[in-house]
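The values are calculated or read from the model by the stated rules, or taken from the named source; none is laboratory data. Computed from a predicted structure; not experimentally measured. With ideal geometry, Cβ positions are generated from the backbone for all residues, glycine too; neighbour counts draw on all protein chains shown. Each accessible area value is taken on the protein alone, full model and side chains, heavy atoms only, with ligands, DNA and RNA left out. Shrake-Rupley method; radii C 1.70, N 1.55, O 1.52, S 1.80 Å.
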Amino acid sequence: MATLEMNPAAAGDTGSTRRMTLNMGPQHPSTHGVLRVVLELDGETILKATPDIGFLHTGIEKQCEVRTYQQVVPLTDRVDYLANLSNNLCYCLAVEKLLGLEIPPRAQWVRVMLTEITRINSHLVWLGTHALDIGAMTVFFYCFREREKILRLFEMFSGQRLMTSYFRVGGLALDAPRGGFQAVRRFIDEFPSNVDEYENLLNANPIWQMRTQGVGPMPVDDMIDWGITGPMLRAAGFPWDIRKTEPYSSYEKFQFEVPVETGNDVWSRYRVRMRELRESAKIVVQALDGLPEGPITADAPKVVLPDREKMKTQMEALIYHFKIVTEGFSVPAGEIYQAVEAPRGELAYYVVSNGTGKPHRLHMRTPSFGNLQGLGPLLDGRLIADSIAAMGSMDFVLGDCDR
Amino acid sequence: MPKITNVLEGASALVKGLSITFKEMMQPTLTDDYPDKPPVFQERFRGAHVLQRDEFGLEKCVACFLCAAACPSECIHIEAEENTEQVRISGGERYASVYNIDYNRCIFCGYCVEACPTDAITHGHGFELASYDTSTLIYRKENMLVALPADAKPVRIHEQAPAGGHH
């Protein structure tokens, strides 16, 4: 791409000190991943910012086409490594819709509980690293302390801290572990006081205020045109949240607000995410309080692996077990678009089935990719020092962007 | 004067922040002291694989290949052989004469454990797999199989097979 080549001559007369082209990244601490931004500068002012993505391309979408439907779940973990359970959930919901499966309430409640904890996890990483970029180092340690507790919860439920693969097509991989819900309860009872702590450290901090207030505005119409979703859009006063507009996994049965701010700057995006932390904590408490009893997988013997006891004692269950593991299950031909509200915005899986046991095509509409489209308009004409705060407020994950 | 109020506000914010820092200094830490102390794992932690034996000391694996079929990263390689009267390795008809897991490829998703109909392959809590040489990361059956108890009778092993028997 011609626009991304470093060409000093193109930026005016060589030897001039007025205009210059500067590479930010791909290895730059504040890009949080391998993102390259080509900045055209006039002194301290950014004339044009062009993001160059694709350094973290893993070909996950293509890999999904050669794996059975259930084998795709571990791949979805690796798309957005800060919102692995949101990705698990979105993929499972899409395939379940194609199969016409009905997921029992207990599985839905556990899914809601864990995806909201994922949102808390992701926002904590964002807050810690964003504050670190801007110069408030202490917050980082407290955020990562709470994140460590969350990762232990994930390890408790799924067996892994990051690559959970806990949701499966048809329900959950395993029922909750011994003491699992009590551990979640202990964490979530304490959590609002932790949020108070972060806010006490940041809200009144004059440096934090000056670095964030009024920085990085973008017209809301432009945001919609570029496909920006999530906290960015809600901080511009547009109350768009898939959990409310197109409820999935029984979200309509939970009471929560969609935090909206009107400032349309880095500060408002910070406020939206802080309020979302509290709302997510409320949803987790509701899920714990109203947790129904019952099975954790759908009643679909041709899709869901049978109960282990049954598999060892009943021949029919054993045959299904062998068939599902070796061949997978076939999904009726058709296509489906399923969106969920991931921590970064609208995450969607578009699955095309040709009636076989493997997806014909699987496309991910990832929020980081959509949000990064707006990087240029967000930075054009701003100061270079503000670009760090503005970029940080987008909260992109490059694995999510390039997949 | 606005300037003095600004300074006072800034100072009060500083005191507020530092009071949190000092309060937190007294709190217990959450991190593990690894490598000085062993890390704490949850029960379900998916670490390095362990191949189990049954109550007679026989291998539980009957070489049904379900784990290899379930593996999304195709890292399990099995070669099966028949048990005979003289040489009995597993409880079933067949046993795995070769059972390799390529830890260059393994993603610890737990699908093999889920697929195994005899509970032969399980996740242990081992995690120190790092190596400078990728060829050492292909684990053979001997690396993963649980050891026989010390007082176990040394029967039913290859070496005791009569000449001309199974090899």
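Quick notes on this structure:
- Any chance B:ARG88 is open to solvent by 50 Å² or more (accessible area, probe 1.4 Å), within 22 Å of the chain's Cα centre (by Cα) and farther than 30 Å from A:PHE141 by Cβ: no
- Among residues of segment A:178-223, those that are at positive phi and within 13 Å of chain B (Cβ to nearest Cβ), counted: 1
- Put simply, of B:ALA96, B:ALA13, B:ALA68 the only residue that is more than 25 Å from A:ARG152 (Cα to Cα), within 9 Å of chain A (Cβ to nearest Cβ) and crowded, with 18+ Cβ neighbours inside 10 Å is B:ALA13.
- Qualifying residue in segment A:157-179 (condition: closer than 16 Å to A:LEU277 by Cα, over 19 Å from the mean Cα position of the chain (by Cα) and surrounded by 20 or more Cβ atoms within 10 Å (Cβ to Cβ)): no
- In summary, A:ARG147 fulfils each of the numbered conditions (1) more than 9 Å from chain B (Cβ to nearest Cβ); (2) within 30 Å of A:VAL303 (Cβ to Cβ); (3) out of contact with any strand residue (DSSP E or B) (no Cβ under 7 Å at 6 or more places or on another chain) with the single exception of condition (2).
- Test: residue in segment A:183-191 that is under 23 Å from A:ARG234 (Cβ atoms), open to solvent by less than 50 Å² (accessible area, probe 1.4 Å), in contact with an Asp or Glu (Cβ under 9 Å, 6 or more places away or on another chain) and assigned to a helix (DSSP H, G or I): yes
- Residues of segment A:369-394 satisfying the condition of being open to solvent by less than 10 Å² (accessible area, probe 1.4 Å) and assigned to a loop (DSSP other than H, G, I, E, B): A:GLY374
- Scope segment A:342-368; condition farther than 21 Å from A:PRO332 by Cβ and buried (at least 20 other Cβ atoms within 10 Å of the Cβ); matching residues: A:ALA342, A:PRO343, A:ARG344, A:GLY345, A:GLU346, A:LEU347, A:MET364, A:THR366, A:PRO367, A:SER368
- The residues of segment B:16-30 that are more than 7 Å from chain A (Cβ to nearest Cβ) and either open to solvent by 100 Å² or more (accessible area, probe 1.4 Å) or touching a Ser or Thr at 6+ places or on another chain (Cβ under 8 Å) (or both), listed by number, are B:PHE22, B:LYS23, B:MET25, B:MET26, B:PRO28, B:THR29.
- Wholly enclosed helices (runs of 4 or more DSSP H) of segment A:24-137 bearing at least 1 residues modelled with pLDDT of 90 or more and buried (at least 22 other Cβ atoms within 10 Å of the Cβ): A:73-77, A:84-99, A:105-134
- Among the residues of segment A:238-252, those that are in a loop (DSSP other than H, G, I, E, B) and either under 13 Å from A:GLY345 (Cβ atoms) or open to solvent by 20 Å² or more (accessible area, probe 1.4 Å) (or both) comprise A:PHE238, A:PRO239, A:TRP240, A:ASP241, A:GLU246, A:PRO247.
- Of all residues in segment A:301-341 being polar (S, T, N, Q) and open to solvent by less than 80 Å² (accessible area, probe 1.4 Å), the one that is nearest to the chain's Cα centre (by Cα): A:GLN338
- Qualifying residue in segment B:32-49 (condition: open to solvent by 50 Å² or more (accessible area, probe 1.4 Å), within 12 Å of chain A (Cβ to nearest Cβ), without any contact (Cβ under 8 Å) to a residue 24 or more places away in the chain and hydroxyl-bearing (Ser, Thr, Tyr)): no
- Within segment A:214-236, tally of residues that are hydrophobic (A, V, I, L, M, F, W, C), in contact with a Gly (Cβ under 8 Å, 6 or more places away or on another chain) and within 17 Å of A:MET391 (Cβ to Cβ): 7
- Enumeration of residues in segment B:99-139 that are part of a strand (DSSP E or B) and open to solvent by 20 Å² or more (accessible area, probe 1.4 Å): B:ASN100, B:ASP102, B:THR122, B:HIS123, B:ILE138, B:TYR139
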